[in-house]
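**Student:** Mind having a look at this structure? Questions to follow.
The values are calculated or read from the model by the stated rules, or taken from the named source; none is laboratory data. Predicted, not measured: the structure shown is a model, and the values here were computed from it. For neighbour counting, all protein chains shown are included, and Cβ atoms are generated from backbone atoms with ideal geometry for every residue, glycine included. Surface areas here come from the heavy atoms of the whole protein model, side chains and all, with no ligands, DNA or RNA. Shrake-Rupley method; radii C 1.70, N 1.55, O 1.52, S 1.80 Å.
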Amino acid sequence: MNAKNALKWFGYFLAGFVVVFVLSVLGYNIVTGFGLRRYEKSLPNPKDGVPVSEAAPFSLTPEGESATEAVMFVHGFGDCPMDFAQLPQLVARDGYAVRAVLLAGHGTSPRELKHVTVQDHLSHLGDEYARLAKSYDKVHLVGFSFGGTLSTILAARAEKRPASLTLLAPCFEVSRRRSFLLSPESWAKTFGWMIPYVSKVEAFPPTNDPSMRGKVFSYRYVPTNSVVVLSEAEQVARNPETLSRRSGPALFIHSLDDRVASFDASLKAYRQLATKPENKVFVELHRSNHLLMWDYEREIVRDRVCDFFGVSSKGPYARAER
């Protein structure tokens, strides 16, 4: 085959590839769009900005006494305060005021998340934190996954620094264990302009314990550009300058088998944290996946967090005020 014919066949191949690629993207968007509309119809309040009941933020106050310290719980990306199971209730029962926040664009419809920026998330959390800081002597931060990412940034920037920082499976970098060729963030940056929404793959649940799957309200679809927002927050949170500004007590809990948030990135951030070695703890798990409070080692997580706050890990629980 001469060079002219080879060039012609290469042109055919390239044209065919482009056609197949475009049709594949169109097909994916049609299927995803249909699935998203069906999903929204299944939600109680998908378009009026009212969170579904199980995803709503809530506050807790200890019975029979006036709290002097508060704990703010920040959930993960696409999720809600249910990420923490009964942990907020346990902390509140033994003397702490609790505020479990709902991140901007969460708990309603995935479309609400499409235009939320990193600054929107930080401003919303900053307002929630400031209200607690005015009312209580000390405020502690507990963040899960993306909530841990944002909590790390908030802990470094808040005028009144949090008394402690607890991070459960913090996302300083998305795990590449499920990615092909590029990182998830790179895929989102490259193709986000042509694929507005992506569906979560149910074949890869965030828990290893099958009995716990589907227990937590979480978006089944997410805007592709929100993955880019997640990446931007990760870069700020893992920046050595951010970590060097956090010197108070800290507790990290992460599983080696986490297939969502990078264990190595979490450990690296822990080591770069300015907190003195005797005031920070890194708990390494082995049987759990990402959603720690709903997986095999949930009791270990519960006990370590309760011990960190000096509270009992046994029931009964405080009642939430929504």
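**Student:** Hey, can you tell me all the residues within region 4-44 that are under 17 Å from residue 191 (Cα atoms) and hydroxyl-bearing (Ser, Thr, Tyr)?
**Tutor:** Matches in region 4-44: 24, 28, 32.
**Student:** Would you mind telling me which numbered condition in (1) surrounded by fewer than 19 Cβ atoms within 10 Å (Cβ to Cβ); (2) in contact with a helix residue (DSSP H, G or I) (Cβ under 9 Å, 6 or more places away or on another chain); (3) farther than 20 Å from residue 173 by Cα; (4) not polar (S, T, N, Q) residue 287 fails?
**Tutor:** All conditions are met except number (2).
**Student:** Counting only residues that are in contact (Cβ under 8 Å) with a residue 12 or more places away in the chain and aromatic (Phe, Trp, Tyr), give me the strands (runs of 3 or more DSSP E) lying completely in region 95-177 with at least 1 of them.
**Tutor:** Those strands (runs of 3 or more DSSP E) span 138-144.
**Student:** Do we have any residue at all in region 46-69 that's in contact with a Phe, Trp or Tyr (Cβ under 7 Å, 6 or more places away or on another chain), open to solvent by less than 50 Å² (accessible area, probe 1.4 Å), part of a strand (DSSP E or B) and at pLDDT 85 or above?
**Tutor:** Looking for residues that are in contact with a Phe, Trp or Tyr (Cβ under 7 Å, 6 or more places away or on another chain), open to solvent by less than 50 Å² (accessible area, probe 1.4 Å), part of a strand (DSSP E or B) and at pLDDT 85 or above, one finds at least one in region 46-69, hence yes.
**Student:** Out of region 75-94, which residues are open to solvent by 10 Å² or more (accessible area, probe 1.4 Å), in a loop (DSSP other than H, G, I, E, B) and closer than 20 Å to residue 294 by Cα?
**Tutor:** 77, 79, 85, 86 - these are the residues of region 75-94 that are open to solvent by 10 Å² or more (accessible area, probe 1.4 Å), in a loop (DSSP other than H, G, I, E, B) and closer than 20 Å to residue 294 by Cα.
**Student:** Tally the residues that are open to solvent by 10 Å² or more (accessible area, probe 1.4 Å), at pLDDT 95 or above and hydrophobic (A, V, I, L, M, F, W, C), restricting the search to region 253-272.
**Tutor:** Going through region 253-272 one residue at a time, the tally reaches 4.
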